[in-house]
Amino acid sequence: MLKGKRILITAGPTKEFIDPVRFISNASSGKMGYAIAEELYSKGAEVILITGPTNIRCNLPDTKVVHVTTALEMLKACRHYFGSVDIAIFTAAVADYRPLNRELSKIKKNDDTMVVELTKNPDIAFEFGKVKDPHQLSIGFALETDNIIEYGKGKMNKKKFDFIVLNTTNENGEGFGFDTNKISILFRDHAVKSFPLKSKKEVAKDIISELESQIKNIEVH
Ligand code: C5P
């Protein structure tokens, strides 16, 4: 069912530079996105992985891997593929803000306090939602510490996801950096399916199996 489908995946964090040696980023390891890429590849999909800086190497043959650093670079790389993919999966933890100015020289620590003015980064999933065709599917992720269902519904609507994968940072072993994750999936009809703590490889299988059900529904209707 996924064989031959062209699928864009964003993964990892982005880094937003303050000066040549300092940046703002987050603790995303990229493991979830890479696990999804592997699972899709094993199902015969054509994978395009747009990845921020991670320690993982993607060795999948015939897979397009685009390495980017910043959110603006990630958006530019994604835009190139938006029109030609069947499915887009947004696992990247894109930095919400970037420094308004990137200093060309290393900032000296002369003062006791320092203010860095930030400006909002583009929302890549939202940009895809704006141009998304009815035949295209998209999946988002949401990591929250509280009110996860309510925030999840808002994100799903705003970014036009077909479903959204929710995870919290409340329990040990789930979320950023870990090899395991505990997710729930929130669907358009607001149904929620919860899964136990599993390896990210197993979580990727669960997500892809939900994706396959969505494709089946579309093909039946
Ligand atoms: O709003 P929030 O950042 O929690 O949304 C998370 C979802 O949106 C994830 O799927 C993430 O990959 C995507 N996103 C994005 N570009 C951003 C921020 C989030 O694609 N600038």
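The values are calculated or read from the model by the stated rules, or taken from the named source; none is laboratory data. Model, not experiment: these values are computed from the prediction. Every residue, glycine among them, receives a Cβ derived from its backbone with ideal geometry; neighbour counts consider all protein chains shown. Accessible surface areas use protein heavy atoms only, side chains included; no ligands, DNA or RNA. Shrake-Rupley method; radii C 1.70, N 1.55, O 1.52, S 1.80 Å.
What's the magnitude of the charge dipole for the chain around its Cα centre, counting Lys and Arg as +1 and Asp and Glu as -1 at the beta-carbon? Answer in Debye, nearest 20.
Charge dipole, the chain, about its Cα centre: 420 debye, nearest 20.
Surface composition of the chain: carbon plus sulfur atoms hold 49% of the accessible area, using a 1.4 angstrom probe and ignoring ligands, DNA and RNA. Residue-wise HN-Hα couplings along the range 116-126, as the Karplus relation 6.51 cos²θ - 1.76 cosθ + 1.60 with θ = phi - 60° gives them from phi, are 10, 7, 10, 10, 5, 7, x, 9, 5, 5, 5 Hz; Gly and Pro carry x. The residues of the range 24-180 expose on average 55 square angstrom of accessible surface per residue, using a 1.4 Å probe on protein heavy atoms.
To the nearest 10 Å², what's THR145's accessible area with a 1.4 Å probe? Per-residue accessible area (THR145): approximately 90 Å². Per-residue SASA remark: ILE107, around 40 Å² accessible (1.4 Å probe; ligands, DNA and RNA not included).
In order along the range 100-108, the Karplus-derived 3J(HN,Hα) couplings, from 6.51 cos²θ - 1.76 cosθ + 1.60 at θ = phi - 60°, round to 4, 10, 9, 5, 7, 10, 4, 6, 7 Hz, and Gly and Pro are given as x.
Taking amide H as placed 1.01 Å from N in the peptide plane, the amide H of LYS15 sits under 5 Å from that of THR70, ALA71, each at least 5 places away or on another chain. Calculation over all alpha carbon pairs of the chain in 10 angstrom steps from 0 returns a P(r) of 8, 33, 37, 16, 5, 1, 0 percent. For the cross-link pairs LYS155/LYS216; LYS182/LYS205; LYS31/LYS201; LYS159/LYS216; LYS5/LYS64, the ones whose C-alpha atoms lie over 20 Å apart are LYS155/LYS216; LYS159/LYS216. A dipole drawn for the range 6-220 from +1 and -1 charges on Cβ atoms has a positive end, and of ILE149, THR63, SER42 the residue lying farthest that way is THR63.
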